[in-house]
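The values are calculated or read from the model by the stated rules, or taken from the named source; none is laboratory data. Since the model is a prediction, treat every value here as computed from it, not as a measurement. FYI the Cβ positions are ideal-geometry reconstructions off the backbone, even for glycines, and counts take in every protein chain you see.
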Amino acid sequence: MNKSSIRKKILLLRKKKFLKNKSISSEKLLKFLKRKNLNKKIIGGYYPFNNELDILNILEIFEKKNYIISLPKIINNNKMNFFKWSLKEPLKINKYGIPETTSNRKIYPNILLIPLVGFDDQLNRLGYGGGYYDRYLSKVDDMHKIIKIGVGFSFQRVKKLPINKYDKKLDCIITEKKIIE
């Protein structure tokens, strides 16, 4: 099965099975991050869209623990960067209907929470197909180490994803049920 057909199948399943009240465990995530001995606490999150797993409660907890929060913003040439954001600040809707921060303060997260369309046990991810995260990671991986955490529902797991040379592997995947390392 190719990426496009896997993507369609999982997005349809996610729409049908969307679990509105499910969230990920902040305790499990914090324990995982503590093991990584991070000297900077800059989180790149996302604003949930299109039945993605809601991480706003996690971002709120991180903000209370003095982490710097940022959200992606699509810029020219189909690229994205991360910009500082607080849950108290307004958002605007981009051309894809995704909420983005209005901030222009670009920052470089050392922890990324990446929404998933699909994933496998080898820590490969399937996104929406635009390549935004893979391009971003290619650009900043040379600058500094980023912990890449995929976020999705457990039912989005597939046995094996087809991958190519542009796909970036994750460090872990967190679902409403467990962390896969």
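At-a-glance table
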read-out	value
Any chance Y108 is under 30 Å from N2 (Cα atoms), touching a residue at least 40 places away in the same chain (Cβ under 8 Å) and aromatic (F, W, Y)	no
Among (1) surrounded by fewer than 19 Cβ atoms within 10 Å (Cβ to Cβ); (2) over 24 Å from S26 (Cα atoms), the one test that D171 misses	(2)
Selection within the stretch 106-132 - buried (at least 18 other Cβ atoms within 10 Å of the Cβ) and small (G, A, S)	G118, G127
The stretch 82-103 residues that are among the charged types (D, E, K, R), paired with ones that are part of a loop (DSSP other than H, G, I, E, B) (beta carbon under 8 Å, 6 or more apart)	K84/S103; K84/R105; E89/T102; E89/S103; K92/T102; E100/Y47; E100/N94
Whichever residue in the stretch 80-96 is surrounded by fewer than 17 Cβ atoms within 10 Å (Cβ to Cβ) and either among the acidic types (D, E) or in contact with a Phe, Trp or Tyr (Cβ under 7 Å, 6 or more places away or on another chain) (or both) and, among such residues, is farthest from Q156 (Cα to Cα)	E89
Within the stretch 1-33, considering residues that are over 11 Å from G118 (Cβ atoms) and of a type in the set (A, V, I, L, M), the one modelled with the lowest pLDDT	L19
Filter pass, K16 being over 23 Å from G129 (Cβ atoms), surrounded by fewer than 16 Cβ atoms within 10 Å (Cβ to Cβ) and either among the hydroxyl-bearing types (S, T, Y) or more than 16 Å from the chain's Cα centre (by Cα) (or both)	no
Among (1) of a type in the set (G, A, S); (2) in contact with a helix residue (DSSP H, G or I) (Cβ under 7 Å, 6 or more places away or on another chain); (3) surrounded by fewer than 13 Cβ atoms within 10 Å (Cβ to Cβ) - the single one G45 does not satisfy	(3)
Matching entry among K73, K36 (being over 30 Å from K8 (Cα atoms) and either within 16 Å of the chain's Cα centre (by Cα) or modelled with pLDDT under 90 (or both))	K36
